[in-house]
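All remarks here apply to the structure that follows.
The values are calculated or read from the model by the stated rules, or taken from the named source; none is laboratory data. Keep in mind it's a predicted model, so treat the numbers as computed, not measured. Using ideal geometry, Cβ is built from the backbone for each residue, glycine included, and neighbour counts are taken over all protein chains shown. Remember, those area values only see protein heavy atoms, side chains included, never the ligands or the DNA or RNA. Shrake-Rupley method; radii C 1.70, N 1.55, O 1.52, S 1.80 Å.
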Amino acid sequence: MPTRVPPSSRPVGTVTRGTTNPNRLRRMDRWIAAVHASALRRSLHPPTAVDLGYGAAPWTVVELWQRLRAVRPDVRVHGVEIDPVRVAAALPYAREGLDFRRGGFELPVPGDAGASLIRAANVLRQYDEAQVGPAWERLCARLAPDGLLVEGTCDEVGRRHVWVALGPEGPRTVTFAARLGTLATPSDLAERLPKALIHRNVPGEPVHAFLRDFDRAWAAAAPYGALGARQRWIRAAAALAPHWPLTDGPRRWRQGELTVRWEALAPLGLP
């Protein structure tokens with residue numbers, strides 16, 4: 001049973017820049033729908049999903065609702081924003097199964113069973129690194145037993161993403177995703193590392209070693225570039241697989257994704 005968070009008169013968190021664009025999170029949503037579909041379908045009750053810190057416009061919340069409905073038509077999606085002006089602007093987009101409310105990391109959403117999904121995109125990037133662990137812990141405590149927290153960062157038009165997937169027990173995986181035609185090397189994604197990792201992309205840290213090896217595999221796969229960036233990415237991922245604990249395979253690699261277990265990239269000295 002998830003931990004109940006005491007009600008608070010003031011949302012927990014700070015107002016972020018609020019930058020958003022239609023379809024900015026489509027790669028993240030596509031991955032969620034693929035890997036979390038079975039958990040959503042197993043729920044005995046209409047599952048609850050939260051888009052935390054959706055920004056100055058509600059596009060990404062509406063899109064998440066539409067994409068999850070294709071998996072589970074009775075899903076209930078809550079857009080949560082700490083800025084009351086942004087919430088008021090989003091209210092005209094509310095409908096059955098989709099609403100907007102003011103709040104922060106305390107997640108002011110109904111239900112005792114916990115959230116099936118919490119998505120926090122481009123939120124913690126604007127916080128200090130020391131604040132990430134407590135925020136993860138607080139959000140994971142609001143998950144259902146088979147719930148998923150997806151926290152990460154992307155560019156303004158959704159071509160480059162890196163996100164961490166967490167369960168109630170904590171972080172599980174890190175996913176790198178891109179429109180492959182925009183990449184010169186896989187390490188171009190370093191600028192989109194989530195807050196927990198972006199300051200650790202230095203020699204001696206695991207994430208730096210991973211991106212170094214990914215670049216080397218990408219360079220070795222250059223001949224496959226004649227067949228397109230997708231084939232080159234697939235070949236580079238296959239070369240990484242014996243050395244790094246990847247959790248996906250060619251089916252996801254074809255989508256311009258690659259997922260590795262969190263413990264392989266976790267910052268040194270992290271509890």
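Key figures
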item	result
ARG192, sole failed condition from (1) surrounded by 21 or more Cβ atoms within 10 Å (Cβ to Cβ); (2) in contact with a strand residue (DSSP E or B) (Cβ under 8 Å, 6 or more places away or on another chain); (3) over 27 Å from ARG142 (Cα atoms); (4) charged (D, E, K, R)	(3)
Positions within the stretch 30-52 being among the charged types (D, E, K, R) and over 13 Å from the mean Cα position of the chain (by Cα), in sequence order	ARG41, ARG42
The stretch 150-169 residues that are over 18 Å from ASP51 (Cβ atoms) and free of Cβ contacts under 8 Å to residues at least 60 places away in the same chain, paired with ones that are among the hydrophobic types (A, V, I, L, M, F, W, C) and in a strand (DSSP E or B) (beta carbon under 6 Å, 6 or more apart)	ARG160/ALA178; VAL162/PHE176
Helices (runs of 4 or more DSSP H) within the stretch 26-124 that include 3 or more residues touching a Lys or Arg at 6+ places or on another chain (Cβ under 8 Å) and open to solvent by 10 Å² or more (accessible area, probe 1.4 Å)	26-35, 59-69
Entirely in the stretch 127-222, the helices (runs of 4 or more DSSP H) that have 3 or more residues that are acidic (Asp, Glu) and in contact with a Pro (Cβ under 7 Å, 6 or more places away or on another chain)	none
Failed item, numbered, when THR259 is tested on (1) open to solvent by 50 Å² or more (accessible area, probe 1.4 Å); (2) of a type in the set (S, T, N, Q); (3) in contact (Cβ under 8 Å) with a residue 12 or more places away in the chain	(1)
Residue within the stretch 89-101 that is within 28 Å of LEU197 (Cβ to Cβ) and in contact with a strand residue (DSSP E or B) (Cβ under 7 Å, 6 or more places away or on another chain) present	no
